[in-house]
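The values are calculated or read from the model by the stated rules, or taken from the named source; none is laboratory data. Note that this is a predicted model, so its numbers are computed, not measured. Cβ placement follows ideal geometry from the backbone for every residue including glycine, while neighbour counts extend to all protein chains displayed. Each accessible area value is taken on the protein alone, full model and side chains, heavy atoms only, with ligands, DNA and RNA left out. Shrake-Rupley method; radii C 1.70, N 1.55, O 1.52, S 1.80 Å.
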Amino acid sequence: PYGKFGVLGNHDLRANKSLVVSELERVGVRMLSNRHVTLEPPFDDISICGLDDPTRGSPRPDLALAPATGTRIVLMHSPQGLEALDGHSFDLALCGHTHGGQIALPSGTPVLVPPGHLNRRYLAGRFELGGENPRTLLVSRGVGCSTLPVRLFAAPEVHLCLIV
């Protein structure tokens with residue numbers, strides 16, 4: 001009831017960006033590329049902050065997070081977006097991009113991970129990040145595929161996050 005929000009990923013930016021954005025907006029998704037929105041009461045102490053994709057876009061946390069107040073929930077496509085967030089305060093960051101490796105060995109060890117040291121470090125799952133202010137990163141394996149239309153030992157997943 002408080003909205004649907006999204007950010008674009010590297011494949012969206014490589015494809016027909018305007019078509020992707022218009023179709024998502026047509027079904028009620030508010031796209032947040034380097035900007036934020038503050039939720040309506042009683043959650044008006046929560047800001048949803050969207051970052052542009054670090055691979056094909058230009059993430060600007062100064063535009064998305066600096067003017068935000070209260071609890072900051074960051075939407076970003078890739079764990080690599082953490083580099084752009086360096087020095088900016090946030091409480092929770094949600095992303096995907098890695099597909100959990102998409103194709104992995106039976107042990108769960110990924111065969112191929114998208115480029116970027118943070119994509120490998122934060123492949124999938126929940127991570128408590130250190131620093132002055134405790135922060136949480138949640139990386140979803142998602143449901144899709146990249147390049148090859150197959151997933152092996154990297155089960156798809158969807159997260160439902162409730163704000164209470």
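Okay, residues lined up against (1) under 26 Å from Gly87 (Cα atoms); (2) among the aromatic types (Phe, Trp, Tyr):
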| residue | (1), (2) |
| --- | --- |
| Phe5 | yes, yes |
| Gly9 | yes, no |
| Val21 | no, no |
| Val27 | no, no |
| Asp44 | yes, no |
| Thr55 | yes, no |
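Name every residue in the stretch 120-164 that is among the charged types (D, E, K, R) and surrounded by fewer than 13 Cβ atoms within 10 Å (Cβ to Cβ), in order of residue number. Within the stretch 120-164, Arg126, Glu128, Glu132 qualify. Please work out if Gly108 is open to solvent by less than 20 Å² (accessible area, probe 1.4 Å) and not in a strand (DSSP E or B). It is false that Gly108 is open to solvent by less than 20 Å² (accessible area, probe 1.4 Å) and not in a strand (DSSP E or B). Criterion applied to Pro42, Pro54, Pro59 was being out of contact with any Phe, Trp or Tyr (no Cβ under 9 Å at 6 or more places or on another chain), assigned to a loop (DSSP other than H, G, I, E, B) and open to solvent by 70 Å² or more (accessible area, probe 1.4 Å), and the one residue passing it is Pro42.
Got at least one residue in the stretch 6-15 being at pLDDT 90 or above, charged (D, E, K, R) and open to solvent by 50 Å² or more (accessible area, probe 1.4 Å)? Among the residues of the stretch 6-15, not one is at pLDDT 90 or above, charged (D, E, K, R) and open to solvent by 50 Å² or more (accessible area, probe 1.4 Å), which makes the answer no. Of the candidates Asp53, Asp86, Asp91, the single residue that is acidic (Asp, Glu), closer than 17 Å to Thr136 by Cβ and modelled with pLDDT of 90 or more is Asp91. Looking at Asp91, is it over 18 Å from Leu123 (Cβ atoms) and out of contact with any Ser or Thr (no Cβ under 8 Å at 6 or more places or on another chain)? Criteria not met by Asp91. If you take the residues in the stretch 1-55 that are free of Cβ contacts under 8 Å to residues at least 40 places away in the same chain and of a type in the set (S, T, N, Q), which one is nearest to Val74 (Cα to Cα)? Among those residues, the one meeting the criterion is Ser47.
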